[in-house]
Amino acid sequence: MLLKLPAVLTHNQSSEWARSLKLAVRAAAADQTPVIADASPLTQFDSSALAVLLDCRREVLAVGRTFWVQGLPPRLRQLAGLYGIATLIPAPA
């Protein structure tokens, strides 16, 4: 399952996106393929984007699936490292 993030994901959009990603994961809970969040569209973001990804990760793991993030912008990867959460948003193997 591929979940495509938007170009803009800041505090203003984070609640809506977290909710829609949760719903998408729940709707496809029976599917056992890994869930991949595609972050490559992100051009404008803040640390709220990390919160959305972590929230999505929790939902994915709760339904027993694997979670990966592809295309994470370098600046967001750096923020994840600074916050000590980089290992929680792994790239696809």
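Values quoted throughout were computed directly from the atomic coordinates according to the rules given, and no laboratory measurement underlies them. Just so it is clear, the model here is predicted, and its values are computed rather than measured. Glycine gets a Cβ as well: all are built from the backbone with ideal geometry, and neighbour counts include every protein chain shown.
Around the amide H of residue 37, modelled in the peptide plane, lie the amide H atoms of 3, 68, 69, 70, all under 5 Å away and 5 or more residues distant in sequence or on another chain. Based on alpha carbons, the Rg and Dmax found for the chain are 12.1, 35 Å. Secondary-structure-derived ellipticity at 222 nm for the chain, considering helices only, amounts to -14000 deg cm²/dmol, per-run term -39500 (n - 2.57) for DSSP H runs with n ≥ 4. Projecting label points 7 angstrom from Cα along Cα→Cβ for residue 20 and residue 68 puts them 2.4 nm apart.
Within the chain, the selection of entire DSSP H helices by a Cα span of 20 Å or greater along the long axis and an average Kyte-Doolittle value of at least 0.5 returns 48-62.
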